[in-house]
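Read-outs: derived from the displayed coordinates by stated rules, not from any lab. Source: prediction; values computed, not measured. Note: ideal-geometry Cβ built from the backbone for every residue, glycine included; neighbour counts use all protein chains shown.
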Amino acid sequence: MKNHAYYVYILASRRNGTLYVGVTSDLVGRTWEHKNDLVEGFTKKHGVHILVWYEFHDDILTAIAREKRLKRWNRAWKLKLIEKENSGWNDLYDRLISDVPL
């Protein structure tokens, strides 16, 4: 059976800006879609393009449950989670694409 990777992620419009929580099996591709406004809805409307946090899961049900929990978190908790791992609010997409094998 093939192993799958699932990611829960947070995008931001800017440091301490509008946040979006999502889940995907293709973090690079999905982030690229958000960055290029190919995803209709919230992220396009609010200019949410910066990947500021993500975590890996090997089970889709666990990833979806985590996404749902994070969506219920208050803003302060989400900001603390981002700051813990990415205090500079760097765009982690650049790191992701540099780590992707050609």
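Observations
- Boolean, Arg75 is of a type outside the set (A, V, I, L, M, F, W, C) and under 15 Å from Tyr6 (Cβ atoms): no
- Verdict on Trp89 being surrounded by 12 or more Cβ atoms within 10 Å (Cβ to Cβ) and assigned to a loop (DSSP other than H, G, I, E, B): yes
- The number of residues in the range 31-67 that are touching a helix residue (DSSP H, G or I) at 6+ places or on another chain (Cβ under 6 Å), surrounded by 14 or more Cβ atoms within 10 Å (Cβ to Cβ) and either assigned to a helix (DSSP H, G or I) or at positive phi (or both) comes to 3.
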